[in-house]
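A.B. asks: Input: one structure, supplied below.
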Amino acid sequence: MSPTKLLIATHNPGKVREYRALLADLPLDVTWLDDERITFEVEETGSTFAENAILKARAYAAASGLLTWADDSGLEVDALDGAPGVYSARYGAPEVQGDEARFRYLLANLDGVPTEARTARFRCVVALSTPDGDVQTVDGTCEGRIGFDPRGDNGFGYDPVFLVAEYDYRVALAELEPAIKNRISHRGQAARRAKLVLEKFNFAEEVELLDEDACQPG
């Protein structure tokens, strides 16, 4: 039996390398948008990470005829009613551009907010879709708090100002070594949960994805 093709809905080669390594022990031929010469972009019109991940997974699965993995992620800050949320990558746009400008814009919006009220989390949702539109979603979160100043060089986006709850808010995500960050990060958690779904997938017959309750990790 030839491996089932799994399309990773991204143009980011680094993300593809990470997912290929994670899924190496499954009977999958992991491909990505560039390999499949898929150039169109799916407009992320959803109001939640799950909605956007599902939009992308279904659209690329239908276009390619392949089992498809898509994700969406971002930062939710409680004092800002969940912002920047689905707008994390374009927070403050068009005036605010670039990672450092965005996290400094975030810090400015939290000016005067005390330490205990600066709770936040990174959230990632992975959607897996068959070509006929059957979708399974899983998510991962990393709880923390927004600091007052940037720290560390091992990250991007909001990592320098995100203090990790697991480390008693003493360490920024950007201060952690990559292996540790991958273990506790929202993306790492969601990816491992998505792998559990794929482990229960009948590759021989390519049946529908199992229902959500059966696929959640214990």
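A.B. asks: Tell me, what ³J(HN,Hα) does each residue in the stretch 33-41 have, in order and in whole Hz, if you take phi through Karplus 6.51 cos²θ - 1.76 cosθ + 1.60 with θ = phi - 60° and put x for Gly and Pro?
C.D. replies: Couplings: 4, 5, 4, 8, 6, 9, 10, 6, 9 Hz.
A.B. asks: Provide the net charge surrounding Ala21, with neighbours chosen by a C-beta distance below 13 Å and charges set as Lys +1, Arg +1, Asp -1, Glu -1.
C.D. replies: +3
A.B. asks: Net charge near Ala63: determine it from the other residues with C-beta under 12 Å of the C-beta of Ala63, scoring Lys and Arg +1 and Asp and Glu -1.
C.D. replies: Here the charged neighbours net out to +1.
A.B. asks: Rounded to the nearest 5, what % of DSSP beta bridges with both residues in the stretch 4-208 are antiparallel?
C.D. replies: 75 percent
A.B. asks: For the stretch 43-137, what does the relative contact order come out to in percent, with C-alpha contacts under 8 Å and a separation of six or more?
C.D. replies: Working: 161 pairs, mean separation 39.1, N = 95.
Answer for the stretch 43-137 is 41 percent.
A.B. asks: Moving on to the next point. Quote the Stokes-Einstein diffusion coefficient, in whole µm² s⁻¹, for the chain, based on the Kirkwood radius over alpha carbon pairs, a temperature of 20 °C and a viscosity of 1.002 mPa s.
C.D. replies: D, rounded to a whole number, is 118 µm²/s.
A.B. asks: Right, something else. Can you give me the Cα centroid spacing of the stretch 30-58 and the stretch 156-199 in angstrom?
C.D. replies: Answer, in whole Å: 23.
A.B. asks: Taking 8 Å as the Cα distance limit and 6 or more residues as the minimum spacing, I'd like the relative contact order of the stretch 1-87 as a percentage.
C.D. replies: 30 percent
A.B. asks: Quick check: net charge around Arg118, other residues with Cβ under 13 Å of its Cβ, Lys/Arg +1 and Asp/Glu -1?
C.D. replies: Charge balance near Arg118 sits at -4.
A.B. asks: Taking 0.36 nm per residue of separation and subtracting the Cα-Cα distance, what length does fully extending Thr48 through Thr115 add?
C.D. replies: Full extension of this stretch gives 21.5 nm more.
A.B. asks: How large is the charge dipole for the chain, taken about the Cα centre, if only the Cβ atoms of Lys, Arg (+1) and Asp, Glu (-1) carry charge, to the nearest 20 debye?
C.D. replies: Taking the Cα centre of the chain as origin, the dipole is about 460 debye.
A.B. asks: To test your reading of the geometry: what angle, between 0 and 90 degrees and rounded to tens, separates the Cα axis of helix 99-109 from the longest principal axis of the chain?
C.D. replies: 50 degrees
A.B. asks: Next up: Taking amide H positions as placed 1.01 Å from N in the peptide plane, with prolines and chain starts having none, which residues 5 or more places from Leu6, or on another chain, fall under 5 Å of its amide H?
C.D. replies: Asp29, Val30, Thr31
A.B. asks: Would you mind calculating the relative contact order of the chain from Cα pairs under 8 angstrom and at least 6 residues apart, reporting the percent as a whole number?
C.D. replies: 17 percent
A.B. asks: In the stretch 182-200, which residues have a backbone nitrogen under 17 Å from the label point lying 7 Å from Glu36's Cα in the Cα-to-Cβ direction?
C.D. replies: 198
A.B. asks: Right, here's the next one. Using 0.36 nm times the number of residues separating Asp132 and Asp81, minus their current alpha carbon distance, what extension gain do you get?
C.D. replies: Between Asp132 and Asp81, full extension yields an extra 14.8 nm.
A.B. asks: Shifting gears a bit: Could you work out which residue, out of Glu177, Glu100, Glu116, moves most in a Gaussian network model of the chain, that is, has the largest mean-square fluctuation with Cα springs under 10 Å?
C.D. replies: It is Glu116.
Bear in mind these aren't lab numbers, they're just calculated from the coordinates by the rules spelled out. Keep in mind that this is a model prediction, so the values were computed, not measured. Here the Cβ is made from the backbone with ideal geometry for all residues, glycine too, and neighbour counts use every protein chain on show.
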